[in-house]
Amino acid sequence: MSLRLLILGVSLLAALTSRTPADEVIREGDYAGARAETYKTVGDVELKVYVFTPEGHRPDDHRPAIVCFFGGGWKSGQPKQFVEHCRYLATRGMVAMTADYRVSSRQGTHAKECVHDGKSAIRWVRKNASRLGVDPDRIVAAGGSAGGHVAACTGILEAWEEPGESTGVSSIPNAMVLFNPALVARAPMQVSSG
């Protein structure tokens, strides 16, 4: 009887003190120092954002945040393109993130879906700001090349939201940082990714 209670007590203690995957910092590899969180699921595709935080960061902080989108012509690319930028910005006090989004080589999508995912990522950060220790009124979208296009579209296009996604929380960033953005002054569905 006492052994069962001891096992039950240890199991309960382990369950109460266990950390969720969102709390776990990646220890090695391309994203070392970040927490990976899923910001969106489309079918069987889980889109991750890799979160780098300043030293001593707490959930009750109200830090500025930046979400970086990789380049790759809407065809390819990886969030690791902006890992070093994120690490640096975290040392400067920002909550810095690099986000994955669907591309044609992996998911057979077009630029329109890339924009949907970018807008979803900004909305996710704003929606989770209090948990992430982020000021919801100081969110930056950043990106290079096709990622610059994605970031720009989050800021200038009021439409192009993911169909079926709640728009009660804004997907428009408060600022943009665009590195050699691939900008075309027309709707993203007209931009060729082929």
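Residues Glu113, Glu24, ordered by accessible area of protein heavy atoms at a 1.4 angstrom probe radius and largest first, appear as Glu24, Glu113. In the range 61-194, the portion of solvent-accessible area held by carbon and sulfur atoms comes to 53 percent [1.4 Å probe, whole percent, DNA, RNA and ligands not counted]. Charged neighbours of Pro136, selected by a Cβ distance under 14 Å, balance to +2 (K, R count +1; D, E count -1). Summing charges over all other residues whose Cβ lies under 12 Å from the Cβ of Val150, with Lys and Arg as +1 and Asp and Glu as -1, gives 0. With every protein chain in place, what's the accessible area of Trp160 (1.4 Å probe, Å², nearest 10)? For Trp160, solvent-accessible area is about 50 Å². A crude spin-label estimate for the pair Ser170 and Val45, with each label 7 Å from Cα along the Cβ direction, gives 2.8 nm.
The values are calculated or read from the model by the stated rules, or taken from the named source; none is laboratory data. Being a predicted model, the structure only gives us computed values, none of them experimental. When we count neighbours, we look across all protein chains shown, and the Cβ atoms used for this are built from the backbone with ideal geometry, even at glycine. Accessible surface is based on the protein model in full, side chains and every heavy atom, while ligands, DNA and RNA are left aside. Shrake-Rupley method; radii C 1.70, N 1.55, O 1.52, S 1.80 Å.
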